[in-house]
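Report on the following structure.
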Amino acid sequence: MKRMEALAVFCGSKNGVNDLFAIHARQLGRLLAEENIRLIYGGGSKGLMGAVADAALESGGKVIGVIPEQLRSWEHQHNNLTELHVVKDMHTRKKMMYELCDAAIVLPGGFGTMDELFEMLTWNQLAIHDKPIFVLNSGGYYSDLFQMMQRMQQQGFLYDPVSERVGIFDLPQTLMHHVLSLSKL
């Protein structure tokens, strides 16, 4: 596999109640910058989106935001990015983020983040893309969702084992170690 040059990070425009979510977002942003991997993300300055972007920028990284016109004020558009693409809608945002990245990482978030995770998984299953998908399960945030995915698999609704579609990691460092090891294959 070629070296990962750009990773899309999907995450919340809020911080959530667990401080670990923002800590992990900042750690991931720094790690991406240290490895000279471009961060592709939703373009917001608040919540986990802002945390990952700010940490990458502070560490000298390149950060590319993609934000729909409608959400520029809602998600508080980040004004200090390497590049910012303002697009017409959410579908265009997701499509552009997928096109710009070599793999995707999903951090804690709400409905929008779930939509992004499941669309990425669905497109992967349908062979629309073959990009790796990783989930940072900070503080066990996604544990119940993974149990549900296992139930889907056990009940015969998935075409492949969950583990073939998504990598699940508890720490940003472990996730990045795995990403870097894939680049060496």
Subset of segment 62-77 (residues that are surrounded by fewer than 22 Cβ atoms within 10 Å (Cβ to Cβ) and either modelled with pLDDT of 95 or more or more than 20 Å from residue 104 (Cβ to Cβ) (or both)) = 62, 64, 69, 70, 72, 73, 74, 76, 77
remark   = Per the filter on segment 32-46, residues assigned to a helix (DSSP H, G or I) and in contact with a strand residue (DSSP E or B) (Cβ under 9 Å, 6 or more places away or on another chain) are 32, 33
note = Of the residues in segment 144-185, those that are under 18 Å from the mean Cα position of the chain (by Cα) and aromatic (Phe, Trp, Tyr) come to 146, 169
task = Quickly run through segment 130-185 and pick out the residues that are over 24 Å from residue 3 (Cα atoms), among the aromatic types (Phe, Trp, Tyr) and surrounded by 13 or more Cβ atoms within 10 Å (Cβ to Cβ).
result = 141, 142, 146
request  = Please find, among 100, 107, the residue that is under 24 Å from residue 3 (Cα atoms), buried (at least 19 other Cβ atoms within 10 Å of the Cβ), at pLDDT 90 or above and among the hydrophobic types (A, V, I, L, M, F, W, C).
outcome  = 107
remark   = A careful count of residues in segment 122-137 that are of a type in the set (D, E, K, R) and at pLDDT 90 or above gives 1
query = Within segment 2-15, is even one residue more than 21 Å from residue 172 (Cβ to Cβ), modelled with pLDDT under 95 and in contact with a helix residue (DSSP H, G or I) (Cβ under 9 Å, 6 or more places away or on another chain)?
reply = yes
Index of the failed condition, residue 45 passing every other in (1) closer than 17 Å to residue 15 by Cβ; (2) surrounded by 20 or more Cβ atoms within 10 Å (Cβ to Cβ) = (2)
query = Which is acidic (Asp, Glu) and under 21 Å from residue 140 (Cβ atoms), of 116, 58?
reply = 116
ask   = Just checking, which of 16, 29 is touching a residue at least 12 places away in the same chain (Cβ under 8 Å), buried (at least 19 other Cβ atoms within 10 Å of the Cβ) and assigned to a helix (DSSP H, G or I)?
value = 29
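The values are calculated or read from the model by the stated rules, or taken from the named source; none is laboratory data. No experiment lies behind these values; they were computed from the predicted model shown. Positions of Cβ are generated from backbone atoms using ideal geometry, with glycine treated the same way; all protein chains shown enter the neighbour counts.
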